[in-house]
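The values are calculated or read from the model by the stated rules, or taken from the named source; none is laboratory data. Just so you know, these numbers come straight off a predicted model, no measurement behind them. Cβ atoms come from the backbone with ideal geometry, glycine included; neighbour counts cover every protein chain shown.
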Amino acid sequence: MKSKLCLLLIVLFSGLIHFKAVAFAPKKKAIALIHGGAGNLSAKNISKEDQELYLKSLKNVLEAGFDAYKKGKSSVDIVEVCIQLLENNPLFNAGKGAVITAKGEIELDAAIMSGSDLKAGAVSGVQTIKNPISLARTVMDKTTHVYISGKGAEELARENNLEIVTQDYFLTEKRKVQRENILKERIKAEPNQNQNLQPTEKHGTVGCVAIDMSNNLAAGTSTGGMMGKRTGRIGDSPIIGAGTYANNQTCAISCTGHGEFFIRYGAAKTVSDLMLYKKYSLSKAANQVIHQILFPVGGTGGLISIDKKGNYAAPFNTSGMYRGVLFEDGSIEVAIFEQVNGF
Ligand code: ASP
């Protein structure tokens, strides 16, 4: 009887310890998140093989991000490294494989921001620079400006020996076919239209937010914009405060989605402002912007965000968003479809 009681106490006590360990286990600290665009993504319209390809690519990018983190690189470096890899991967709508304008050209936009000093660099309408994110960084580091477009941006790239490519480098068969199909659909719907058309909701922009060993935040975004966009159209991605923002006092954010809405509602800066002025948590602020502010007005898309403590949020109001999170211990989670446990 005595030994039975003892056994019962041991079981109860070890159960309690286990419960405490589970209930009070500290949350893992995130050090970087990436996205590869949000949109109408479902297991029905992406083959199993393609899902694997996307997930593997996201994982590889975050592994490179972890290498950079371990080497003590700055958060701006981590963001640049991760986005360069996403730009070089034709699966995503940035750099190689970017979407095409209604006239069949490539026009790329990118921005990067450092949360420690609020320095930022952005470019738009770039047509021959292999990695627009590096050009955005050049604007931030080597000029007194924040935003340079078109010819001036290309000139700056040449002066700084950034890699130059021809338009053919960016154009993939998949995007050409997508553009043809979209133009055919539009002409069927409105036979009298010319090619100055509304952009369609084909998402796929890339972005990264990161924190470094000195606890500085950074954010970056790079995109081809929206398929079939008008020549000269600029989305939210390169606009500081709309698609990209970082401030050590609050968080770092990179958005993806229907850019016109993200611009009009100042999406990224609103997340930061809700934290700064209303003392919202990162998760509450990020969810408010995506679900309560943008969704009701038709602003489809999502965002990735991280704060100084390594808390993160990646809400989206579409059926999916290509995304990944890297933790301080090197572990990685990647996902495409609905959110599980807030990711
Ligand atoms: N936000 C981008 C733009 O409007 C597109 C996207 O995220 O897919 O240019």
> If a residue has to be of a type outside the set (S, T, N, Q), surrounded by 20 or more Cβ atoms within 10 Å (Cβ to Cβ) and part of a strand (DSSP E or B) to count, how many in the range 304-331 make the cut?
Replying inline: 13
> When both residues are 6+ apart or on different chains and their Cβ atoms are under 9 Å apart, which pairs have a first residue that lies in the range 239-259 and is on the phi > 0 side of the Ramachandran plot, and a second that is polar (S, T, N, Q) and within 7 Å of the ligand (Cβ to nearest atom)?
Replying inline: Gly257/Thr205
> Do any helices (runs of 4 or more DSSP H) lying entirely in the range 248-303 carry at least 2 residues that are in contact with a Pro (Cβ under 9 Å, 6 or more places away or on another chain), within 16 Å of the ligand (Cβ to nearest atom) and not aromatic (Phe, Trp, Tyr), and which ones are they?
Replying inline: 259-264
>> Suppose we keep only residues that are within 16 Å of the chain's Cα centre (by Cα) and of a type in the set (Val, Ile, Thr) within the range 44-89. Which one would you say is surrounded by the most Cβ atoms within 10 Å (Cβ to Cβ)?
In response: Val79
>> Just the residues that are more than 27 Å from Asp329 (Cα to Cα), without any contact (Cβ under 8 Å) to a residue 40 or more places away in the chain and out of contact with any helix residue (DSSP H, G or I) (no Cβ under 6 Å at 6 or more places or on another chain), please, taken from the range 265-287.
In response: Gly266, Lys269, Asp273, Leu276, Tyr277, Lys278, Lys279
> Taking the stated definitions as given, is Ala110 part of a strand (DSSP E or B), under 18 Å from the mean Cα position of the chain (by Cα) and not polar (S, T, N, Q)?
Replying inline: yes
> Which numbered condition trips up Phe92, out of (1) surrounded by fewer than 20 Cβ atoms within 10 Å (Cβ to Cβ); (2) part of a loop (DSSP other than H, G, I, E, B)?
Replying inline: (1)
> Out of all the residues in the range 304-316, which are more than 16 Å from the ligand (Cβ to nearest atom), touching a residue at least 40 places away in the same chain (Cβ under 8 Å) and in contact with a strand residue (DSSP E or B) (Cβ under 8 Å, 6 or more places away or on another chain)?
Replying inline: Ile306, Asp307, Lys308, Gly310, Asn311, Tyr312
> Among the residues of the range 225-236, which ones are within 14 Å of Gly104 (Cβ to Cβ) and more than 8 Å from the ligand (Cβ to nearest atom)?
Replying inline: Met227, Gly228, Arg230, Thr231
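Just give me the residues in the range 311-343 being of a type in the set (D, E, K, R) and within 13 Å of Leu55 (Cα to Cα), in sequence order.
Residues of the range 311-343 of a type in the set (D, E, K, R): 323, 328-329, 333, 338.
Arg323, Glu333 - these are the residues of the range 311-343 that are of a type in the set (D, E, K, R) and within 13 Å of Leu55 (Cα to Cα).
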> Where residues in the range 241-277 are within 24 Å of Gly225 (Cα to Cα) and charged (D, E, K, R), which of them is surrounded by the most Cβ atoms within 10 Å (Cβ to Cβ)?
Replying inline: Lys269
> Does the range 317-325 contain any residue that is modelled with pLDDT of 95 or more, within 12 Å of the ligand (Cβ to nearest atom) and under 19 Å from Leu62 (Cβ atoms)?
Replying inline: yes
> Residues Gly330, Gly320, Gly299, Gly324: which one is touching a helix residue (DSSP H, G or I) at 6+ places or on another chain (Cβ under 6 Å) and either farther than 21 Å from Asp212 by Cβ or polar (S, T, N, Q) (or both)?
Replying inline: Gly299
